[in-house]
Amino acid sequence: MKHLLYLFLFIAPAYTLAQKTQSLFNGKDLNGWTIHGTEKWYVDKGELVCESGPDKQYGYLSTNKTYKNFDLTLQFKQEANGNSGVFFRSSIEGVKISGWQVEVAPLNSHTGGIYESYGRGWLIQPKKEDEQWLKPGEWNELRIKVVAGEVTTWLNGHQMVYFKDDKIAAADGFIALQIHDGGGIKVRWKKIRIKAL
């Protein structure tokens, strides 16, 4: 019995640590993140902002750490255009990113869907009736849960997609925010929190 108690006391703190939710953005600077490309990433009023630069190219802001299985929540507000996204289990060379993107886009452009960059393209899009859950110009909450090869997304509390894939199951990598090419894009982000699973 004593041995079981010692085992519990050893395992319990590790389990609690694994379940702890952590903030990925400190509201002050880009500590813990890396900028890729020439587009603008900065902090304003405690919020993370991505904005098109003069080159109007793709840009990414990636976490310095990698995340395999996780439950991620964040809030975003599209101030202009809003064509962006959240990548997971990804890697990058220059601004050529490999991995999977949960879409963040203007109304009726599949926010919450999953796109494979430089691969198979769209893997799954939300049902047409679920596009309505995006609130243009307002704060939206996006939740992304990735466990093995299963990915589930929610927008403002409504499940958008569920997808299971062997290729995703085999991958690992960072989380990244995207700014699309073409210019004229500005998106604000806040309350970026992750729980390792």
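Just give me the residues in region 160-192 being in a strand (DSSP E or B) and closer than 19 Å to Gln78 by Cα, in sequence order.
Met160, Ala176, Leu177, Gln178, Ile179, Lys186, Val187, Arg188, Trp189, Lys190, Lys191, Ile192
Of the residues Ile97, Ile175, only one is modelled with pLDDT of 95 or more and either among the basic types (Lys, Arg) or closer than 23 Å to Thr21 by Cβ (or both); which?
The conditions single out Ile175.
Please count how many residues of region 72-94 are closer than 14 Å to Phe174 by Cβ and open to solvent by 10 Å² or more (accessible area, probe 1.4 Å).
Adding up the residues that qualify gives 3.
Quickly run through region 167-197 and pick out the residues that are within 14 Å of the chain's Cα centre (by Cα), β-branched (Val, Ile, Thr) and buried (at least 21 other Cβ atoms within 10 Å of the Cβ).
Ile175, Ile179, Val187, Ile192
Is region 123-132 home to any residue that is part of a strand (DSSP E or B), open to solvent by 10 Å² or more (accessible area, probe 1.4 Å) and free of Cβ contacts under 8 Å to residues at least 40 places away in the same chain?
Quick first cut of region 123-132, residues part of a strand (DSSP E or B) only: 123-124.
Still in the list and also open to solvent by 10 Å² or more (accessible area, probe 1.4 Å): 123-124.
Next cut, free of Cβ contacts under 8 Å to residues at least 40 places away in the same chain only: 124.
Yes: region 123-132 contains one or more residues that are part of a strand (DSSP E or B), open to solvent by 10 Å² or more (accessible area, probe 1.4 Å) and free of Cβ contacts under 8 Å to residues at least 40 places away in the same chain.
Of all residues in region 146-166, how many are surrounded by fewer than 20 Cβ atoms within 10 Å (Cβ to Cβ) and in contact with a Gly (Cβ under 8 Å, 6 or more places away or on another chain)?
Number of matching residues: 4.
Determine whether Arg143 is open to solvent by 10 Å² or more (accessible area, probe 1.4 Å), modelled with pLDDT of 95 or more, more than 17 Å from the chain's Cα centre (by Cα) and among the basic types (Lys, Arg).
For Arg143, the condition - open to solvent by 10 Å² or more (accessible area, probe 1.4 Å), modelled with pLDDT of 95 or more, more than 17 Å from the chain's Cα centre (by Cα) and among the basic types (Lys, Arg) - is not met.
Answer yes if at least one residue in region 165-177 is under 28 Å from Lys56 (Cα atoms), out of contact with any strand residue (DSSP E or B) (no Cβ under 7 Å at 6 or more places or on another chain), of a type in the set (Lys, Arg) and free of Cβ contacts under 8 Å to residues at least 60 places away in the same chain, and no otherwise.
No, region 165-177 contains no residue that is under 28 Å from Lys56 (Cα atoms), out of contact with any strand residue (DSSP E or B) (no Cβ under 7 Å at 6 or more places or on another chain), of a type in the set (Lys, Arg) and free of Cβ contacts under 8 Å to residues at least 60 places away in the same chain.
The values are calculated or read from the model by the stated rules, or taken from the named source; none is laboratory data. These numbers were taken from a predicted model, which means no experiment stands behind them. Glycine also receives a Cβ, built like all others from the backbone with ideal geometry; neighbour counts cover every protein chain displayed. What goes into the accessible areas is simple: the full protein's heavy atoms, side chains included, and nothing from ligands, DNA or RNA. Shrake-Rupley method; radii C 1.70, N 1.55, O 1.52, S 1.80 Å.
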